[in-house]
Amino acid sequence: MKLGLEGSRAVVTGAGGAIGGSIAELLVKEGARVAIWDISAEKAGEEAKKLGTDKAFPVTCDVTNHASIKVAMEKSVAQLGGLDILVNCAGGSHPTTTTSEELPFFDILPDDMRRIMDLNYLSAVMTSQEAGRIFAGQKKGAILNISSIAGIIPVTRGISYSNGKAATNSLTKWLAVHMATNYSPDIRVNAVAPGFLLTEQNRFLLFDEKTGEPSQRGRTVMSQVPMRRYGTPQEIAAMAVFLVSEPASFITGSVVPVDGGLTSFLGV
């Protein structure tokens, strides 16, 4: 299948991470040029170097800060010569908003919750404002949010992560309608909701740090995934890149789970 991405210009936030990096890599393989955004200049630089400086370049950005986003977008558009695709991949959880024996729900601090909500939800709002303004002007563009199954069915311990991703799913549907009806039906907004992948962000939940064996939570997760395995960043990237491509031109407002069947399984 021809994806029609040759010559496209894309911004991928959180592209120094596993999922964002895989999305950026596949976009480059399909002929796009990509601005690699990450809060870590080192990670952004490493990813851009790996993909080739003629196809990718690093941009340091804190996506929870609107001023940082505006500067990063201006730099990206200037270097790319325009913008066709925005992928919002920056996000994550943190032990300070994850309940445990040491941290009951009652003791989670509001400021810690706000930081995770900002990272998972408001970051997508603010980047979409900047990219959306460009897309509205040119009457065409694609926004892709990387959400989570936690935004569909809340994970039992990650309160702020689940809340942030649920808000991102709602944003996806709202913004899809807003852009199509107010600016152009050729501006599309979708989301991919990954299931459980092994990443540095969730490893502490799924495996015992001392023994390396699956934690009780890890065993519970596997009991709920019909395919009985974790997903890979490359599997998320495949759906993400499809959704911003020409063959997906009639898809907007969709939140697509890529989860090994987890959200289809009642558990009995």
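The values are calculated or read from the model by the stated rules, or taken from the named source; none is laboratory data. These numbers come from a predicted model, not from an experiment. Every residue, glycine as well, gets a Cβ built from its backbone with ideal geometry; the counts of neighbours run over all protein chains shown. Note: accessible area is taken over every heavy atom of the protein model, side chains too, but ligands, DNA and RNA are not part of it. Shrake-Rupley method; radii C 1.70, N 1.55, O 1.52, S 1.80 Å.
Overview of values
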| quantity | calculated |
| --- | --- |
| Segments 28-34, 212-218 sorted - mean Cβ within 10 Å per residue, highest first | 28-34, 212-218 |
| The range 1-60 - percent relative contact order, Cα under 8 Å, separation 6 or more | 33 |
| Within the chain, helix-based [θ] at 222 nm, where runs of 4 or more DSSP H residues each add -39,500 (n - 2.57), nearest 500 | -13000 deg cm²/dmol |
| Residue-normalised accessible area of the chain, given per residue in Å² at a 1.4 Å probe | 49 |
| Theoretical FRET efficiency, 1/(1+(r/R0)^6), r = Cβ-Cβ of VAL177 and PHE204, R0 30 Å, to 0.05 | 0.20 |
| Percent antiparallel among DSSP beta bridges (both partners in the range 119-268, rounded to 5) | 10 |
| Relative contact order computed over the range 8-109 (Cα-Cα under 8 Å; 6+ residues apart), in percent | 30 |
| At q = 0.17, 0.19, 0.23 Å⁻¹, base-10 log of I(q)/I(0) for the range 1-87 (Debye sum, equal scatterers on each alpha carbon) | -0.58, -0.72, -1.06 |
| Order by protection proxy (mean Cβ within 10 Å, highest first), peptides 49-61, 164-176 | 164-176, 49-61 |
| The range 95-151-the range 237-268 distance, computed between alpha-carbon centres (Å) | 19 |
| The range 78-201, accessible surface, carbon-and-sulfur percent (1.4 angstrom probe) | 58 |
| Structure-derived Cα Rg over 2.2 N^0.38 Å: which label, when the choices are (i) 0.93; (ii) 0.98; (iii) 1.10 | (ii) |
| Carbon and sulfur %, accessible surface of the range 214-268 computed with the full protein complex present, 1.4 Å | 62 |
| Long pairs among LYS50/LYS139; LYS75/LYS173; LYS70/LYS139; LYS29/LYS70, criterion Cα-Cα beyond 25 Å | LYS50/LYS139; LYS75/LYS173; LYS29/LYS70 |
